[in-house]
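Colleague: Sending over a structure as structure tokens; questions will come in a sec.
The values are calculated or read from the model by the stated rules, or taken from the named source; none is laboratory data. All values derive from a computational prediction rather than experimental measurement. As a convention, Cβ positions derive from the backbone with ideal geometry for all residues, glycine included, and neighbour counts pool all protein chains shown. Please note that ligands, DNA and RNA were not included when accessible areas were found on the heavy atoms of the full protein model with its side chains. Shrake-Rupley method; radii C 1.70, N 1.55, O 1.52, S 1.80 Å.
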Amino acid sequence: HVASGTAPLSPGDHELLTLSAEPGQLGSVRFIKLTAPAAAAAALGRARLQITFDGRAAPSVDAPIAMLHGCGILQESKHASSTQDQTLVQAYPVSVRFRGVGSAREVALAMFFPMPFVKTARLVLSVDAASASPGAEVSCSAGMQALAPNLHSTAMCKRRPTRQPHLSPSSLQSW
């Protein structure tokens, strides 16, 4: 299941999307991808991504987008051609690249950290006045995977069946 949404890079908290688990199952955010015009890359890097799981009062993830993706600042190299794709970060769990040409040039960020949840995962873009880029929009897509209520590993159960906890939606609710 893939969900998508957009939000302006204007001051305030803007919901990008909400993922919901099917009744009786757990959900897991499998990936989050963000894109914005290259001209707004610095503003996007300063904005914060907040992820709140299962209706909690405070987000479990609240970090500047550039730092969350391992690049400090989102800025193209002055030595790179603006007509070529440029990769800033390429690692297993994250990637950051500039792609496209001219007015279609964009910055694309991807994160592949599995993040399980019981009922919902809400993604919010938080932009302060200093980080705003008027007129620019951020596009977001997130992949979700349904998980069976029993998350234990088959290999672990064969070695230590009494030590592996049984995780269910009800046991994770208070976690």
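Colleague: Among residues belonging to segment 6-18 that are within 24 Å of residue 42 (Cβ to Cβ) and under 12 Å from the mean Cα position of the chain (by Cα), point out the one that is surrounded by the most Cβ atoms within 10 Å (Cβ to Cβ). Let's see the steps before the verdict.
Modeller: Keep residues of segment 6-18 that are within 24 Å of residue 42 (Cβ to Cβ), which gives 6-17.
Subsequent filtering for residues that are under 12 Å from the mean Cα position of the chain (by Cα) retains 16-17.
Details: 16: 23, 17: 19.
It comes out as 16.
Colleague: Could you list, in sequence order, all residues of segment 19-56 that are over 15 Å from the mean Cα position of the chain (by Cα) and aliphatic (A, V, I, L, M)?
Modeller: Of everything in segment 19-56, those that are over 15 Å from the mean Cα position of the chain (by Cα) and aliphatic (A, V, I, L, M) turn out to be 21, 26, 38, 39, 40, 41, 42, 43.
Colleague: I'd like the full set of residues that are of a type in the set (Gly, Ala, Ser) and not in a helix (DSSP H, G or I), limited to segment 26-71.
Modeller: Applying the first criterion (of a type in the set (Gly, Ala, Ser)) to segment 26-71 yields 27-28, 36, 38-43, 45, 47, 55, 57-58, 60, 63, 66, 70.
Correct list: 27, 28, 36, 47, 55, 57, 58, 60, 63, 70.
Colleague: Given the criteria closer than 17 Å to residue 96 by Cα and either touching a Leu at 6+ places or on another chain (Cβ under 9 Å) or surrounded by fewer than 19 Cβ atoms within 10 Å (Cβ to Cβ) (or both), does residue 21 qualify? Steps first, please.
Modeller: Working: closer than 17 Å to residue 96 by Cα: no; either touching a Leu at 6+ places or on another chain (Cβ under 9 Å) or surrounded by fewer than 19 Cβ atoms within 10 Å (Cβ to Cβ) (or both): yes.
Against the criterion (closer than 17 Å to residue 96 by Cα and either touching a Leu at 6+ places or on another chain (Cβ under 9 Å) or surrounded by fewer than 19 Cβ atoms within 10 Å (Cβ to Cβ) (or both)), residue 21 does not qualify.
Colleague: Let me ask something else. Take the conditions farther than 30 Å from residue 21 by Cβ, touching a Ser or Thr at 6+ places or on another chain (Cβ under 6 Å) and either modelled with pLDDT under 90 or open to solvent by 50 Å² or more (accessible area, probe 1.4 Å) (or both) and apply them to residue 122. Does it pass?
Modeller: The answer is no for residue 122.
Table: residues versus (1) closer than 15 Å to residue 122 by Cβ; (2) aliphatic (A, V, I, L, M); (3) open to solvent by less than 50 Å² (accessible area, probe 1.4 Å).
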site: 2; (1), (2), (3): no, yes, no
site: 46; (1), (2), (3): no, no, no
site: 49; (1), (2), (3): yes, yes, yes
site: 63; (1), (2), (3): no, yes, yes
site: 67; (1), (2), (3): no, yes, no
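Colleague: Which one is modelled with the lowest pLDDT, of the residues in segment 132-154 that are of a type in the set (Gly, Ala, Ser) and either surrounded by fewer than 15 Cβ atoms within 10 Å (Cβ to Cβ) or assigned to a helix (DSSP H, G or I) (or both)? First the steps, then the outcome.
Modeller: First, pick out the residues of segment 132-154 that are of a type in the set (Gly, Ala, Ser): 132-133, 135-136, 139, 141-143, 146, 148, 153.
Imposing the further condition that a residue be either surrounded by fewer than 15 Cβ atoms within 10 Å (Cβ to Cβ) or assigned to a helix (DSSP H, G or I) (or both) reduces the set to 135, 146, 148, 153.
Numbers: 135: 89, 146: 86, 148: 73, 153: 38.
Among those residues, the one meeting the criterion is 153.
Colleague: Could you please let me know if residue 97 is closer than 30 Å to residue 148 by Cα, at pLDDT below 95, under 16 Å from the mean Cα position of the chain (by Cα) and among the charged types (D, E, K, R)?
Modeller: When the stated conditions are applied, residue 97 does not pass them.
Colleague: Would you check if residue 80 is modelled with pLDDT of 85 or more and among the aliphatic types (A, V, I, L, M)?
Modeller: Criteria not met by residue 80.
Colleague: So, one more: Looking at residue 108, is it touching a Lys or Arg at 6+ places or on another chain (Cβ under 9 Å) and within 18 Å of residue 76 (Cα to Cα)?
Modeller: yes
Colleague: Filter segment 93-107 for residues that are in a strand (DSSP E or B), open to solvent by 10 Å² or more (accessible area, probe 1.4 Å) and touching a residue at least 40 places away in the same chain (Cβ under 8 Å) and give the result.
Modeller: Selection gives 106 alone.
Colleague: Moving on. Quick check on residue 122: is it basic (Lys, Arg), under 30 Å from residue 148 (Cα atoms) and not in a loop (DSSP other than H, G, I, E, B)?
Modeller: Here the answer is yes, as residue 122 does meet what is asked.
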